[in-house]
Amino acid sequence: MSDPLREPRIAIIGAGMSGICLGALLLRAGIRDVVLLEKNQDLGGTWRDNSYPGIACDVPSRFYQFTFALNPDWTHRYSPGAEIHAYFEKVARDTGVADRVRFGTTVVETRWTGAAWSVTTDDGVSAEYDFVVSATGILHHPRYPNIEGLDSFAGPAFHSARWDHSVDLSDKRVGLIGTGSTGVQILSALAGNVDRLLLFQRTPHWVMQLANPEFRPITRRLHRRFPAYDRFSYHAARKQIESLSPALLHPGKTRRFLTWLCRRQLNKIVDPELRAKLTPDSQPMCRRLIISPGYYDAIQDPTVELVTDRIERITPTGVVTDGVEHPVDVLVLATGFDAHAYVRPMRLVGPGGLTLEHAWADGPRAYRTVAVPGFPNFFMLMGPNSPVGNYALTAIAETQANYVLDWVQRWRRGEFTTAEPTAEATDRYYREVDAALPDTVWATGCDSWYLGQNGKPELFPWAPEQHKVMLAQPRDDEFHIVAG
Ligand code: NAP
């Protein structure tokens with residue numbers, strides 16, 4: 001008997017964590033015509049790009065994974081980056097996603113033909129799809145600092161997401177610029193293992209010291225032997241984070257406690273002058289709270305020097321602050337990412353020639369984080385205002401991917417041909433977002449990658465569970481739907 005369901009052609013742009021997630025869910029649902037277009041030669045997105053010393057995930061591993069592919073073998077509460085990369089590769093292999101990836105393929109344009117999306121890649125090939133989903137990641141484009149003389153530096157200089165493993169740092173004076181989550185992890189790994197480490201800090205960040213115990217072999221065996229226990233551990237870790245999230249966003253007892261705890265932990269810094277330099281004047285979590293097991297120990301290592309004077313320029317041999325040159329052999333730029341590029345630089349052209357550039361002239365906006373008015377059958381994972389603060393991006397990706405799957409399943413059943421969110425529903429949603437944002441910790445006056453071009457935090461102003469509720473099922477009353 002022939003299959004009564006229609007078979008959609010689906011292109012996923014990007015084979016990182018979220019692309020793998022959607023690919024796996026589609027294949028598990030029996031949808032076979034799926035391709036992942038990946039510009040690199042390997043899977044894993046951020047976990048492929050970032051291989052710097054000390055890389056780990058500061059969200060507990062029991063929660064930083066997919067519910068449909070739980071890993072009983074995590075080695076640590078916060079497992080190292082290579083292990084996380086291997087996990088996503090395994091998920092891609094086990095689910096068949098790996099076989100659907102076209103590597104070394106950059107999408108240059110996605111254009112609506114009137115009935116489908118025509119996707120053109122840099123090899124000049126165009127193919128048509130019924131759905132296109134952008135899974136291009138949020139922290140993907142390295143941000144290089146605009147510092148005079150950066151190009152003149154004579155030694156090795158690289159961004160944290162482009163680590164040059166051919167450089168032996170053990171006998172070098174290393175200059176590290178940036179003290180966000182990445183800079184803190186690099187410093188913690190390099191302190192005591194290089195000749196000297198000069199940390200250039202522009203603004204101090206709040207750091208929460210949390211231990212990172214190793215899971216003993218017996219624990220791993222138990223998780224392997226009893227999948228129900230493994231599932232329980234996932235949900236316990238999730239609940240723990242979710243129960244704290246709303247209270248941490250808004251003023252109140254929990255936030256006061258967090259501030260007290262962060263200040264108290266700073267007392268680990270013995271030298272009062274160093275402690276003062278490390279004390280932020282913003283509220284904890286206004287910028288992403290840094291979780292680190294060992295930063296305060298590492299920064300007191302005798303090989304480390306904290307430089308807080310403004311960087312004037314870079315010379316071939318060092319970094320100049322206040323007229324003083326600090327000689328360094330290697331320069332590491334832990335200076336973050338352009339978190340607002342989303343789908344770009346790919347060109348997206350919808351019906352009537354509407355471009356995403358035009359639609360986003362006043363800044364990126366998405367209906368409930370996943371879709372854009374004017375662009376039918378187009379979805380985003382990790383789109384604008386996703387709940388990407390101190391939360392598991394794997395859980396967000398799964399929520400968004402399941403939402404996309406819901407639409408695809410309806411298309412398969414012939415319930416519609418095209419669907420796109422209405423401008424009214426999107427405007428209404430943003431009125432709610434804009435009303436809720438000023439009450440959050442992100443709006444308490446600090447500069448961070450959370451802020452969009454209008455200075456407003458590009459985050460989800462409610463508890464992450466609310467995001468799940470919001471995307472639990474498609475709402476026809478908020479979409480233009482063309483029947484199938
Ligand atoms: P970031 O948080 O944006 O920090 C960039 C750092 O570079 C800041 O300290 C910034 O100073 C400094 N900087 C930028 N330009 C500079 C300049 N011209 N001169 C001097 N300093 C300059 O970037 P990130 O540390 O790569 O982290 C980005 C995000 O990645 C994190 O917030 C997190 O979401 C994610 N991440 C997660 C993990 C994890 O364990 N899950 C680990 C690493 C990263 P200012 O502070 O003054 O702006």
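The values are calculated or read from the model by the stated rules, or taken from the named source; none is laboratory data. If you're wondering where the values come from, they're calculated on a predicted model, not measured in any experiment. Ideal geometry is used to build each Cβ from the backbone, glycine not excepted, and the neighbour counts take in all protein chains shown. The area values use the complete protein model at the heavy-atom level, side chains included, leaving out ligands, DNA and RNA. Shrake-Rupley method; radii C 1.70, N 1.55, O 1.52, S 1.80 Å.
Things to note:
- One residue stands out in region 207-223 among those that are basic (Lys, Arg) and assigned to a helix (DSSP H, G or I): the one that is farthest from Lys268 (Cα to Cα), namely Arg221.
- Within region 90-105, residues that are within 20 Å of Ala127 (Cβ to Cβ) and part of a helix (DSSP H, G or I) reach partners that are β-branched (Val, Ile, Thr) and modelled with pLDDT of 95 or more with beta carbons closer than 6 Å, at six or more positions or on different chains, in the pairs Val97/Ile20; Arg100/Val34; Arg100/Val35.
- Exactly one residue among Trp407, Trp449, Trp462 is assigned to a helix (DSSP H, G or I) and either out of contact with any Lys or Arg (no Cβ under 7 Å at 6 or more places or on another chain) or away from the ligand (no atom under 16 Å from the Cβ) (or both), and that residue is Trp407.
- Taken as a whole, the condition of being within 12 Å of the ligand (Cβ to nearest atom) and in a loop (DSSP other than H, G, I, E, B) applies to Thr203.
- Any hit, region 183-194, residues being more than 16 Å from the ligand (Cβ to nearest atom), within 26 Å of Leu331 (Cα to Cα) and crowded, with 21+ Cβ neighbours inside 10 Å: yes
- Answer residue from region 153-171, given it is within 16 Å of the ligand (Cβ to nearest atom) and not in a strand (DSSP E or B) and is surrounded by the most Cβ atoms within 10 Å (Cβ to Cβ) among those: Ser160
- Some residue of region 18-39 being touching a Pro at 6+ places or on another chain (Cβ under 9 Å), part of a loop (DSSP other than H, G, I, E, B) and open to solvent by less than 10 Å² (accessible area, probe 1.4 Å): yes
- Matching entry among Val174, Val107, Val125 (being buried (at least 17 other Cβ atoms within 10 Å of the Cβ), assigned by TED's automatic domain parsing to the domain that holds Leu451 and over 15 Å from Ser51 (Cα atoms)): Val107
- Candidate set: region 319-335, residues that are out of contact with any helix residue (DSSP H, G or I) (no Cβ under 9 Å at 6 or more places or on another chain) and within 15 Å of the ligand (Cβ to nearest atom); chosen: the one modelled with the lowest pLDDT: Asp322
- Some residue of region 356-376 being within 16 Å of the ligand (Cβ to nearest atom), surrounded by fewer than 20 Cβ atoms within 10 Å (Cβ to Cβ) and either not in a strand (DSSP E or B) or not aromatic (Phe, Trp, Tyr) (or both): no
- One residue stands out among those in region 345-360 that are touching a Leu at 6+ places or on another chain (Cβ under 7 Å) and free of Cβ contacts under 8 Å to residues at least 24 places away in the same chain: the one that is nearest to Val370 (Cα to Cα), which is Leu356.
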